[in-house]
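Step one of this worksheet: look at the structure below.
The values are calculated or read from the model by the stated rules, or taken from the named source; none is laboratory data. This structure is a prediction, so every number in the text was calculated from the model and none was measured. Reconstructed Cβ throughout: ideal geometry from the backbone, glycine too, with neighbour counts over all protein chains shown. SASA here: full protein model, heavy atoms, side chains in, ligands and nucleic acids out. Shrake-Rupley method; radii C 1.70, N 1.55, O 1.52, S 1.80 Å.
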Amino acid sequence: IEIDEVADALQMVQREPPARRWVRLPAEWHRVTGEVKQALCGSPSQLMGALDSVIDQLLVLIDLSPELALSQVVRQSVTGSGHYGVNHSIHAATACHAAARQLGWQPHEQRQAFQAALTMNLSILDLQARLADQVSPLTTKQREVIHAHPIRSAEMLSAVGIADTDWLEAVRTHHEVPGGAGYPCGMTDVGELAELLRFADVYTAQLSRRANRAAMSPRQAGRRLHQMSASSPLTLALIKAFGVYPPGSMVRLASGELGVVVRSGEKAHLPLVATLTNAAGESTPTSLLRDSARDEHAVVALLSPQSVPVWLSDERLAELIGSV
């Protein structure tokens, strides 16, 4: 599918009646993800134009449903197919955009955060995909490539005509750490955008399954991120953007019902939940919306998707999110 065809498809989705629009959104995410892979892994001569187009398409999808976008980051262990490096780039970019919006950054700054995160690992996408399935320790060569990838990725972007110095600098320094413990240069003065990229990189990577470890829950990943830099407003914004129970999280309620989070509530730990089962754990044909701020519907456990006796498709989740 050509990028122009995807753009036309998204315009059609925007014109759909609301009920039909939600059902179609996951398919559009899947199609645009394919275009992102083509852009990032394709011909360098076409990278600049392709990047502009796919970034536009992804931001349209996020704008249509920020909750559905966050759910795709959260549900990596369920939907974890495709090219790991490309998927991780999209997830990190989505997280950066959500945090930038939470911080009140201007629209052009939100886009800048998104595009920098999408391209920060440009030079190691295929290596990331191999490492996701590798159980042996890193080789010396792999360590060298990883150590050099921030500078190499920035060089690749510059070579195809990216002239935004803030974008390039953020990519070049996204593994530097204030105090000098980062790489590749051991810098002590690190920009805000580069720090946001690093936090989003770590947070979203922890949500993905690897050959040698299980995926973390959003709550575990958020706790790890808080331990990294509890005093940083960037860390707090990223955690707050996802919430304690992000959209797509499976939970058990005090009523005994099992359900999926479809939207944040008034407080981070009090989401709105669509039920998937009754109190006996039996699948129900229709879902009820529960406000976990009510004692009888309080969230009492965060569940893995595999422990819920109901298969929740992306289309069904989109429909539930859209019904709120």
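Could you list, in sequence order, all residues of segment 264-306 that are in a strand (DSSP E or B) and open to solvent by 40 Å² or more (accessible area, probe 1.4 Å)?
Passing the criteria: Ser283, Leu289, Arg290, Asp291, Val300, Leu302.
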ask   = Taking Leu70, is it in contact (Cβ under 8 Å) with a residue 60 or more places away in the chain and part of a helix (DSSP H, G or I)?
value = yes
ask   = Could you count how many residues in segment 110-130 are in contact (Cβ under 8 Å) with a residue 12 or more places away in the chain, in a helix (DSSP H, G or I) and over 13 Å from Leu58 (Cβ atoms)?
value = 10
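Going through Gln46, Gln14, Gln38 one at a time, which residue ends up being more than 18 Å from the chain's Cα centre (by Cα), modelled with pLDDT under 65 and not hydrophobic (A, V, I, L, M, F, W, C)?
Sole residue among the options that is more than 18 Å from the chain's Cα centre (by Cα), modelled with pLDDT under 65 and not hydrophobic (A, V, I, L, M, F, W, C): Gln14.
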